[in-house]
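Asker: Shown below is the structure under consideration.
The values are calculated or read from the model by the stated rules, or taken from the named source; none is laboratory data. Computed from a predicted structure; not experimentally measured. Positions of Cβ are generated from backbone atoms using ideal geometry, with glycine treated the same way; all protein chains shown enter the neighbour counts.
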Amino acid sequence: MWTTKTFLTKTKRGNILKIVREHYLRDDLLCGSAACNVCPHKDDEYVLDPKPESICALFDYPHYLVLDTNVVLHQIDVLEEDALTNVIILQTVLEEVKHQNTAIFQRILDVIGNKKRKFYSFVNEHHKDTYVERNPGEKQNDRNDRAIRKAASWYETHLSINNVKGQHPKIVLITDDEKNRKMAQEEGITCCSVKDYVENVNGFVGLVDKLSKNVIPESCSKDALYPAHLTPAEIHSGIRNGKLHQGTFHASRDNFLEGTATVNGYEKSILLQGHIGINRAVDGDLVAIEVFPEEEWRKPSDIVLEDKADDPGDLLEEESVLLNAVKPADNKNEITPTGKVVGIIRRKWRQYCGILLPSKFPGATRHLFTPAEKRIPRVRIETRQSDMLASQRILVALDSWPRNSRYPLGHFVRALGPIGDKDAENEVILLEHDVPHARFSEAVLACLPPNDWTIPPEEIKKRVDLRSICICSVDPPGCTDIDDALHARPTATAGVYEVGVHIADVTHFVRPATALDKEAASRSTTVYLVDKRIDMVPDLLSSNLCSLRGGEERLAFSCVWEIDENANILSTKFHKSVIKSAAAMTYEEAQIAIDDSSRNDEIARSLRTLNKLAKKLKKKRLDNGALLLASPEIRFQVDSETHEPLEVQAKKIMDTNSMVEEFMLLANVSVAQRLAEDFPQCALLRRHPSPPPANFEHFLLAARQQGFEIDVSTNKSFSKSLDEAVIPGRPYFNILLRIMATRCMMQAVYFSSGNHTQEEYYHYGLACPIYTHFTSPIRRYADVLVHRLLAASIGADVTHAELLDVRYAAALCDNLNYRHRQAQYAGRASVALNTHILFKYRVEIESAVVLAVKRNALQVLIPKYGLEGPLYLPSDMFTYNEENHMQICGDVTLKTFDELTVRLSLDSTNLQHRKLVFQLVKPFVPGFSYVPEEQKEKKPEQMEVDKEQENLKKRKDTAQSKGSKKKSKKK
Amino acid sequence: MPATDLLSSQGLRLDGRRPNELRRIRCRLGVFTQPDGSAYLEQGNTKVLAAVYGPHQASKSKLSTEGVVVNCQYSMATFSTGERKNRPRGDRKSQEMSMHLRQALTAAIKTELYPRSQIDIYVEVLQADGGAYCACVNAATLALTEAGVPLRAYVCASSASMAAAGAGSAGPEPLLDVGHVEEAAGGVVLTVAALPTTGHIALLEMSHRLHMDYFDIVLSRAMQGCRDIEVILDRAVRDHLAEGWTKQDVMTI
């Protein structure tokens, strides 16, 4: 083993420090080639073929590829394609990639890990013959390039040793850097650019499409449309001396020429307008911003601007429309700090779903791509498969955005399926919300018990045997992942009941640090789409072995209380158990069992006790200040064959719903208390911060207009005043109020107890000082962790290292919270998709309520469907009262909580963004409201269409007239 | 707590070592003439000097009739770290180090042979790059041997840490002989001073919390390190003695 060689690095940490690090050079690193006669390989260590078959027409002899850093960074999509094999990835390259982009680093590691791909990672930095020391004055990049060239030429000579001349594989260096290519050629290394190589590859159609069109964005100064970005050094010094600010760019949903960035030091976010103001920033990018002097500040425009449908070429226009539309307002409150993007600190590009815009010229290779996400600009891509892709949803990656291109350049990644196809649309939802939904890998499936697994007798001995007790589960109809069951029975003492909550023992199957555990941790939650469930753990566990099905013996984790008649808890026990559920019921069945006085079997008695206690528990909870909130939830009735939604209805709530919920809450709280006691540093808990008063502003105003003063100072007073806000004759009003209140809340989050103080544990919505999730381990990973902690706490299981690691727990919580949020969004997106399908062929007139009043629209909710959407109001008819949030037209006043009647239909003119259109029916506004057909029998069908067009036109006109008015003023 | 990112996907550490490899150790005995025994030892970039005086008559305050009093002083040169140190000795950390040194060395010295006397051991860290304590113990052992103090066995110290399962690596893996970079990465550092020939552990110290599951493998890796170091020290002593005898022979002739 060779040692030594130290090298010097200087780093800045306030003052300049000299850091000396050791660097060991080794002679035991293998080259990985089967053609090598020198390295002492073992048989399984060969990665590269002895005689690799060439697929490139330029190099018709066997060769290995050596890649440059930029090739890996930019062409990862090409590398992931199953085409190029026998590639050497140098450590120099890997480290640079890791430093620059961890996501790509992970992807290239996956490629290297795939044995079939024959990618070998060679540790050139620690090899005695390939290590290169940095010359004085040499830049790091130049050194790395030299190291890559050195490694390439080493391979060439290394493979030629003991090999007949011409018999051994050659080395081809792939780099896009021209200077590097020239120097390599001087050193006698064969080299080539990616483009030349890939374009001459035979037999892999579509590989060329995946080539990244990477241009150094600042180099194209010819015909430049955009101002150049500042260099990183300039940005750095600018931010230091306070001239520039750093912030994340958020593009506007409505106006493609507008965006904002949140910046430290400014209360409001900075407004960025126009092509020049945004200067090639894409939603999510970390940008450097120059803020204008105060007199140039503007207010955000409230017009809706969409990019034009056809390809305008590389021109910038529309600028004037927007800029003139926004005159400096007289009202000081409305103007916001305005600025422009002067540089990009870090791109946060991902892959985007969308569709190709139809090209004007058949057979053209350059196309425009429209992403599904409105905030992302269109992307210019090159593909030769446009005919095939035109009807598909496709995935595209962004490459670069040169100064002379109106749109960013990108490349095609893969097709998801035909537009309108249910699976393709679901795939889009899952991808856009970053939901891991691939099939479970072999490694994960290998962790599962056999299909016919039964509880081994020794496992039963270790547990408390509750099989004789009458336990039942209550769930929504059609539920296959049953993770909770209940029982209640009187004890020897009169007036004291034994109540047990039994949760599926998922941790018995999901052991820590297995592939299954890792996969579950990364998925974090089961995602429910309307017609599809993306499981957190494989089906065998989620709907069989862990599901507490009726009449089957299952492993459970039980929480058993002794509760007196007034629902006071006398004692709490936790233990692992074996149960046999007597019945798996739906809410409805359970309700019937309770109500049916003729039934007096054990199940019915048990349910009645539970129901009685639950009501008392609920009352106690509400007295403590717990909020009863509401959200419009709907269920789709799905056609069993086509999976097309047939009908929607709001979810029904029954007594038994709240019965189950109450005991789940109780179990969660009991477990949380126990965990916080035993693991003060690393208990996984859930907290719900109290909302800041500012969140309530609009809500309070709207309630006041209806004549109610809501007290939001504490959750108790809030809950009380919500209860009192009832309008006789309008039963939906109170629910509506609660729906609105829900939207003022903060998100509840998971956290690790070591990272917050005791006071911060508080759960505002439930009004309890401590809370966690224990009751759904089949569909939430948080519960799995809680189970493990609790098992360790009662001595039923051993702890493992990661469970008690505070830093690991914090990272895990971040992932849990992120996935949880994304799962919710994905669920909502799926509901939206299904409503669109439902309204494809139908039009309905329904009653609605106003949720909010905007400048040019009303946000309305249809209680029957739980649907929500904007009802646009033309500004030439309606005047907007800003102070009171009202829209007024003649004698019609529209304000929050008003009840309306609206007409629903689907607007499919834009394939990408199909949306529901709401039209006002009642109150009747002449010239605007939709007239139902019965009332205008005489009018022909044609009129209606005309009318709609007229309305549309009017809206457009108003937007334009607004613009022109301001134009004239400026003149 | 295992630290992340300490092992590359090829199973090499940041400086190119494998998990079970020590840093390069170079040492010399008899670097000073004034003390009774002295040694210089390099463990990677950590460089220390050790000097031993005695056994000599103990000062009255420390005198013990049961055995020799071992007096240790640990100091770090002001230029030993990247940022200049203000106090070379006497601060809390140095005092603690002195005590730990004393504990490890007392365990190795046959103290009962010299009642009413004292041995002074001075160690100076010239350059610190992680694992200073281990280097000090190893250097002091050499100095004690050179001074001819009877030892039960060589006392060797080594540290070990735990690397979390990183991208592409198989699983958590214990790391031997932790350098400064790896220490700073925030993982646990277990320091062991042991008498490898007898199998006794003279001192065991751990910087953070470590889960029970990992403790045994980390400890056994550190013990392996101690055994490896003993081989190196033993060879150094033998080489020195061979060299020394010839010198003396020349002088007497």
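Asker: Looking only at segment A:156-182, count how many residues are closer than 20 Å to A:Asp129 by Cα and free of Cβ contacts under 8 Å to residues at least 40 places away in the same chain.
Answerer: Here the count works out to 3.
Asker: Which of (1) within 11 Å of another protein chain (Cβ to nearest Cβ); (2) in contact with a strand residue (DSSP E or B) (Cβ under 9 Å, 6 or more places away or on another chain); (3) closer than 18 Å to A:Arg26 by Cα; (4) not β-branched (Val, Ile, Thr) is the odd one out, the single condition A:Tyr131 does not satisfy?
Answerer: (2)
Asker: Answer with yes or no whether A:Asp60 is at pLDDT below 85, in a loop (DSSP other than H, G, I, E, B) and under 30 Å from A:Val396 (Cβ atoms). I'd like the intermediate steps shown before the answer.
Answerer: Numbers: at pLDDT below 85: yes; in a loop (DSSP other than H, G, I, E, B): yes; under 30 Å from A:Val396 (Cβ atoms): no.
Taking the combined requirement at face value, the residue does not satisfy it.
Asker: Anything in segment B:67-81 that is within 14 Å of another protein chain (Cβ to nearest Cβ) and either within 17 Å of the chain's Cα centre (by Cα) or surrounded by fewer than 16 Cβ atoms within 10 Å (Cβ to Cβ) (or both)? List them, or say none.
Answerer: B:Phe79, B:Ser80
Asker: In segment A:39-54, which residues are in contact (Cβ under 8 Å) with a residue 40 or more places away in the chain and crowded, with 18+ Cβ neighbours inside 10 Å?
Answerer: A:Val47, A:Leu48, A:Pro52
Asker: Now for a separate question. Does at least one position in segment B:25-40 carry a residue that is within 10 Å of chain A (Cβ to nearest Cβ), free of Cβ contacts under 8 Å to residues at least 24 places away in the same chain and at positive phi? Can you show your working first?
Answerer: Of the residues in segment B:25-40, the ones within 10 Å of chain A (Cβ to nearest Cβ) are B:25-26.
Those left that are additionally free of Cβ contacts under 8 Å to residues at least 24 places away in the same chain: B:26.
Now drop any that are not at positive phi, which leaves none.
No: segment B:25-40 contains no residue that is within 10 Å of chain A (Cβ to nearest Cβ), free of Cβ contacts under 8 Å to residues at least 24 places away in the same chain and at positive phi.
Asker: Oh, and also: Among the residues of segment A:579-618, which ones are buried (at least 21 other Cβ atoms within 10 Å of the Cβ) and not in a helix (DSSP H, G or I)?
Answerer: The answer is A:Ile579, A:Ser581, A:Met585.
Residue-by-condition table, conditions (1) surrounded by fewer than 19 Cβ atoms within 10 Å (Cβ to Cβ); (2) β-branched (Val, Ile, Thr):
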{"residue": "A:Val66", "(1), (2)": "no, yes"}
{"residue": "A:Asp77", "(1), (2)": "no, no"}
{"residue": "A:Asp82", "(1), (2)": "yes, no"}
{"residue": "A:Gln91", "(1), (2)": "no, no"}
{"residue": "A:Arg107", "(1), (2)": "yes, no"}
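Asker: Shifting gears a bit: Which of the residues that make up segment B:27-49 are more than 13 Å from the chain's Cα centre (by Cα) and within 15 Å of B:Val231 (Cα to Cα)?
Answerer: Selection gives B:Arg28 alone.
Asker: Give A:Val806, A:Val798 a once-over and let me know the one that is within 14 Å of another protein chain (Cβ to nearest Cβ), touching a Gly at 6+ places or on another chain (Cβ under 7 Å) and within 24 Å of A:Ala520 (Cβ to Cβ). Walk me through how you get there before you give the answer.
Answerer: Numbers: A:Val798 fails: touching a Gly at 6+ places or on another chain (Cβ under 7 Å).
Only one candidate qualifies: A:Val806.
Asker: Still on this model: For the condition touching a Phe, Trp or Tyr at 6+ places or on another chain (Cβ under 7 Å), away from every other protein chain (no Cβ under 14 Å) and in contact (Cβ under 8 Å) with a residue 40 or more places away in the chain, what is the one hit in A:Val501, A:Val496, A:Val464? Before the answer, list the steps.
Answerer: Details: A:Val496 fails: touching a Phe, Trp or Tyr at 6+ places or on another chain (Cβ under 7 Å); A:Val464 fails: touching a Phe, Trp or Tyr at 6+ places or on another chain (Cβ under 7 Å).
Exactly one residue qualifies, and that residue is A:Val501.
Asker: Continuing with the same structure: Taking the options A:Ala251, A:Ala233, A:Ala261, name whichever one is under 18 Å from A:Gly410 (Cβ atoms), at pLDDT 85 or above and out of contact with any helix residue (DSSP H, G or I) (no Cβ under 6 Å at 6 or more places or on another chain). Full working, then the answer.
Answerer: On the way: A:Ala233 fails: under 18 Å from A:Gly410 (Cβ atoms); A:Ala261 fails: under 18 Å from A:Gly410 (Cβ atoms).
Step by step, each of A:Ala251, A:Ala233, A:Ala261 is checked, and only A:Ala251 is under 18 Å from A:Gly410 (Cβ atoms), at pLDDT 85 or above and out of contact with any helix residue (DSSP H, G or I) (no Cβ under 6 Å at 6 or more places or on another chain).
Asker: For segment A:805-849: of the residues being among the acidic types (Asp, Glu) and part of a strand (DSSP E or B), which is surrounded by the most Cβ atoms within 10 Å (Cβ to Cβ)?
Answerer: A:Glu846
Asker: Take the residues of segment A:63-95 that are over 14 Å from A:Ala147 (Cα atoms) and part of a loop (DSSP other than H, G, I, E, B): which is farthest from the other protein chains (Cβ to nearest Cβ)?
Answerer: Among them, the one singled out is A:Ala83.
Asker: So in segment A:784-804, with the set limited to residues that are in contact with a strand residue (DSSP E or B) (Cβ under 6 Å, 6 or more places away or on another chain) and outside any helix (DSSP H, G or I), which one is surrounded by the fewest Cβ atoms within 10 Å (Cβ to Cβ)?
Answerer: A:Ile794
Asker: Right, something else. Can you tell me which residue within segment A:486-518, out of those that are at pLDDT 90 or above and under 26 Å from the mean Cα position of the chain (by Cα), is nearest to A:Val798 (Cα to Cα)?
Answerer: Filtering first and then ranking leaves A:Val510.
Asker: Turning to a different aspect of this structure: I'd like the full set of residues that are more than 7 Å from every other protein chain (Cβ to nearest Cβ) and either assigned to a helix (DSSP H, G or I) or surrounded by fewer than 22 Cβ atoms within 10 Å (Cβ to Cβ) (or both), limited to segment A:113-125.
Answerer: If the condition is that a residue be more than 7 Å from every other protein chain (Cβ to nearest Cβ) and either assigned to a helix (DSSP H, G or I) or surrounded by fewer than 22 Cβ atoms within 10 Å (Cβ to Cβ) (or both), then A:Asn114, A:Lys115, A:Lys116, A:Arg117, A:Lys118, A:Tyr120, A:Asn124, A:Glu125 are the ones that fit.
Asker: Within segment A:757-783, work out how many residues are among the acidic types (Asp, Glu) and not assigned by TED's automatic domain parsing to the domain that holds A:Ala520.
Answerer: Number satisfying all stated conditions: 2.
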